[in-house]
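Shown next, in structure tokens, is the structure this report addresses.
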Amino acid sequence: MASLLEVVRRETNWLRRAERRLFAYPLDEAWFSDLEQSDAAAETLEAFVSRFARLAGQPGATS
């Protein structure tokens, strides 16, 4: 149980960091249109989505 809590704590930290980077910009049509040209924006979005999915997939996560 302690190791699960540590994993959740780490994933939450990484998710918050990705969230701050992602939501620092207005997520409008122009931002999404630029994803193909902006590696940084695409990587930030991918980081947020993958970390969110990993955290949601932890045992005990609500659905």
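The values are calculated or read from the model by the stated rules, or taken from the named source; none is laboratory data. Treat the numbers as computed from the prediction; the structure is a model and nothing was measured. Reconstructed Cβ throughout: ideal geometry from the backbone, glycine too, with neighbour counts over all protein chains shown. When the accessible area is computed, the model is the full protein with side chains, heavy atoms only, and any ligands, DNA or RNA have been set aside. Shrake-Rupley method; radii C 1.70, N 1.55, O 1.52, S 1.80 Å.
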The one condition in (1) open to solvent by 60 Å² or more (accessible area, probe 1.4 Å); (2) more than 12 Å from the chain's Cα centre (by Cα) that Leu4 fails to fulfil: (1)
Every pair of residues 6+ apart whose Cβ atoms lie under 8 Å, when the first sits in region 1-26 and is under 18 Å from Ala56 (Cα atoms) and among the hydroxyl-bearing types (Ser, Thr, Tyr) while the second is open to solvent by less than 70 Å² (accessible area, probe 1.4 Å) and part of a helix (DSSP H, G or I): Thr12/Leu55
